Amino acid sequence: MKKCALFLALFAVLPALAANEYQYSNDANEYYTVRPNAKPRTYKNVSTNRKTGGYKNTITNNFYYNQPAARTNSYGPTQQRQARNVRYQEPEYQYSSNDRQVAMVDDSYEERTYTRKTRTTQMRKYFLAHPFFQPLKGKFGSVTDFSYAKSSFKFDILGVNRMLDADTGTPLTLVDPDTNNPISLPVTYTTPLSGKAEMTQFLVKEDFSFGLSDTLAIIGMLQYDKTKVAFSDWSDGSASDSTSSSGLNLFGIGLQSRFVDSQKWIAMASGYYQHQKDTANTFIGELKVGYKIDRTTVYGVGRAWYSNLTKGDIYGAYVESDGDWLMLAYKTDVKDIIYGEGGIGLFSVLSQDFTLNGEAVYGYYDWHNQINLRAGLGWQPGDSFALNLYGSVNVYDTADGQKKHYINYDLNPGVSGVNAIYTTGDYKIKDYSEWKIGAQVIFYF
């Protein structure tokens with residue numbers, strides 16, 4: 001395919017594209033860019049919607065390190081009787097000719113019994129990296145989350161479906177550069193134009209909680225993030241280009257209830273509201289139920305998100321350069337987005353100071369489904385501080401092979417009498433991947 005055959009569709013816009021995830025979720029896992037409806041010159045304002053994943057910051061219950069209690073008799077002193085053979089010497093006396101007393105030693109054995117006092121105790125520890133942690137009544141908890149996430153995919157531009165004069169809305173056509181004859185739309189390219197989209201995000205998220213009672217806590221949250229979207233590796237040799245944004249973009253509040261915490265069972269329900277600046281209002285619900293086995297808690301988890309877009313009805317990967325922009329849309333004509341996750345997890349106390357947490361999660365993320373593995377290693381040297389290192393990666397994703405729509409805005413295309421061209425077409429996703437690493441600094445006071 002000759003590049004000149006695409007000049008109306010992609011000219012001056014090839015160095016543009018991007019988008020997808022965080023969270024898990026956490027979590028995990030998409031930076032979403034929202035665009036307004038297709039109207040002339042309405043695409044200059046760009047907003048970014050990042051999937052924050054649910055409330056991923058830890059919550060933990062009272063946990064005994066030296067488990068189980070049956071291994072100890074009591075918390076007080078215990079009398080234990082022990083017996084052993086004790087060797088001692090019994091002297092046997094004889095008199096010599098000079099009447100000096102000589103001690104002749106004869107070995108013999110006797111069983112002696114003695115008593116020793118012993119005390120056994122349990123160490124009670126409140127593990128802050130536990131997935132069911134929440135502060136008790138009158139206590140405060142703080143979780144500061146530092147993370148870096150990346151998602152990427154390759155894509156093929158397959159053809160053009162529609163081309164308009166962006167100022168007048170008049171339909172335009174492609175022109176064959178060899179014959180100078182018009183080409184009827186839609187058109188599919190024999191050799192697609194290929195590239196790569198990469199989305200990265202660094203964020204700092206603070207969750208501050210206060211125990212209203214031993215079973216109910218209120219949580220406030222805010223998030224600073226810096227997101228970059230880049231299009232690169234164009235098959236026609238075009239230069240890479242990128243778009244970045246940063247700021248304090250998320251605010252939220254929620255309630256959390258650990259309504260069951262017995263010897264064997266533990267359960268927690270949570271609900272949150274989050275406002276993403278210039279992007280969306282989101283409601284999140286989460287339910288976790290766990291079963292305690294010695295120093296391990298095995299649990300199931302379910303999460304759901306509902307987001308209402310506040311700007312535009314399109315979201316996807318977006319890059320802008322010198323007034324031109326290209327978006328690889330995930331969905332168009334949409335105002336509401338729904339996510340859902342379900343999975344199993346395990347939290348285990350490895351030693352007095354170290355813990356391990358892992359989750360396997362299947363997620364429905366509106367336009368694609370995914371299996372994600374998450375793991376965390378916690379270190380807690382005392383009662384009021386913990387550090388939790390974690391990471392996540394997708395191992396299966398239905399994004400691969402999907403065909404979606406792209407939108408291209410070309411300012412000053414070099415066409416006589418046309419100031420800007422608005423073009424739509426199809427693209428295909430390949431090799432979709434996501435991963436995230438982070439650290440949580442946790443305080444309890």
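Out of the residues in the stretch 425-439 meeting the condition of being open to solvent by less than 40 Å² (accessible area, probe 1.4 Å) and among the hydrophobic types (A, V, I, L, M, F, W, C), tell me which one is nearest to T188 (Cα to Cα).
Among those residues, the one meeting the criterion is I429.
Hey, does the stretch 282-290 have a residue that's within 26 Å of N372 (Cβ to Cβ), among the β-branched types (V, I, T) and open to solvent by 50 Å² or more (accessible area, probe 1.4 Å)?
Within the stretch 282-290, one or more residues are within 26 Å of N372 (Cβ to Cβ), among the β-branched types (V, I, T) and open to solvent by 50 Å² or more (accessible area, probe 1.4 Å).
Filter the stretch 204-234 down to the residues that are small (G, A, S) and exposed (fewer than 15 other Cβ atoms within 10 Å of the Cβ), then identify the one that is nearest to S142 (Cα to Cα).
G220
Pick from the stretch 291-310 the residues that are open to solvent by 60 Å² or more (accessible area, probe 1.4 Å) and over 24 Å from the mean Cα position of the chain (by Cα): which of them is nearest to F127 (Cα to Cα)?
R295
Among the residues of the stretch 361-374, which ones are open to solvent by 40 Å² or more (accessible area, probe 1.4 Å) and hydrophobic (A, V, I, L, M, F, W, C)?
I371, L373
Quick check on V160: is it in contact with a helix residue (DSSP H, G or I) (Cβ under 6 Å, 6 or more places away or on another chain) and open to solvent by less than 30 Å² (accessible area, probe 1.4 Å)?
Considered against the rule, which asks whether it is in contact with a helix residue (DSSP H, G or I) (Cβ under 6 Å, 6 or more places away or on another chain) and open to solvent by less than 30 Å² (accessible area, probe 1.4 Å), V160 comes out as yes.
Suppose we filter the stretch 182-209 for residues that are over 30 Å from Y422 (Cα atoms) and in contact with a Gly (Cβ under 8 Å, 6 or more places away or on another chain); how many remain?
Residues in the stretch 182-209 being over 30 Å from Y422 (Cα atoms) and in contact with a Gly (Cβ under 8 Å, 6 or more places away or on another chain): 3 in total.
Which one of the conditions (1) crowded, with 22+ Cβ neighbours inside 10 Å; (2) free of Cβ contacts under 8 Å to residues at least 40 places away in the same chain; (3) among the hydrophobic types (A, V, I, L, M, F, W, C) does L377 fail to meet, given that it meets all the rest?
Against the list (1) crowded, with 22+ Cβ neighbours inside 10 Å; (2) free of Cβ contacts under 8 Å to residues at least 40 places away in the same chain; (3) among the hydrophobic types (A, V, I, L, M, F, W, C), L377 comes up short only on (1).
If you check F251, F259, which single one turns out to be under 19 Å from the mean Cα position of the chain (by Cα), surrounded by fewer than 16 Cβ atoms within 10 Å (Cβ to Cβ), on the phi < 0 side of the Ramachandran plot and aromatic (F, W, Y)?
After ruling out the rest, the residue left standing is F251.
Can you tell me which residues in the stretch 168-189 are open to solvent by 50 Å² or more (accessible area, probe 1.4 Å) and either farther than 30 Å from Y432 by Cα or at pLDDT below 90 (or both)?
Once the filter is applied, which keeps residues that are open to solvent by 50 Å² or more (accessible area, probe 1.4 Å) and either farther than 30 Å from Y432 by Cα or at pLDDT below 90 (or both), the stretch 168-189 yields T168, T170, P171, T173, P177, D178, T179, N180, N181, P182, S184.
Is it the case that G237 is farther than 20 Å from I284 by Cβ and either modelled with pLDDT of 95 or more or open to solvent by 40 Å² or more (accessible area, probe 1.4 Å) (or both)?
When the stated conditions are applied, G237 passes them.
Which one of these is more than 30 Å from I344 (Cα to Cα) and either in a strand (DSSP E or B) or among the charged types (D, E, K, R) (or both): S270, S209, S245, S257?
S245
If the requirement is being under 33 Å from the mean Cα position of the chain (by Cα) and over 30 Å from Q134 (Cα atoms), which of these qualifies: I371, I429?
Answer to the selection: I429.
For (1) buried (at least 21 other Cβ atoms within 10 Å of the Cβ); (2) aromatic (F, W, Y), each residue gets a yes or a no:
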residue: G342; (1), (2): no, no
residue: L350; (1), (2): no, no
residue: D383; (1), (2): no, no
residue: Y390; (1), (2): yes, yes
residue: V395; (1), (2): no, no
residue: A399; (1), (2): yes, no
residue: D410; (1), (2): yes, no
residue: S416; (1), (2): no, no
residue: T423; (1), (2): yes, no
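What do you reckon, is I442 farther than 26 Å from G211 by Cβ and part of a strand (DSSP E or B)?
The answer is no for I442.
Please state which one of D322, D294, D313 is over 30 Å from V160 (Cβ atoms) and at pLDDT below 95.
Step by step, each of D322, D294, D313 is checked, and only D294 is over 30 Å from V160 (Cβ atoms) and at pLDDT below 95.
Does E92 count as touching a Phe, Trp or Tyr at 6+ places or on another chain (Cβ under 7 Å), modelled with pLDDT under 55 and either part of a strand (DSSP E or B) or among the aromatic types (F, W, Y) (or both)?
No; evaluated as a whole, the condition is false for this residue.
The values are calculated or read from the model by the stated rules, or taken from the named source; none is laboratory data. The shown structure was predicted, so the numbers you read here are calculated from the model rather than taken from an experiment. Counting neighbours? That spans all protein chains shown, and the Cβs are built from the backbone with ideal geometry, glycine included. Keep in mind that these areas ignore ligands, DNA and RNA; they rest on the heavy atoms of the full protein, side chains included. Shrake-Rupley method; radii C 1.70, N 1.55, O 1.52, S 1.80 Å.
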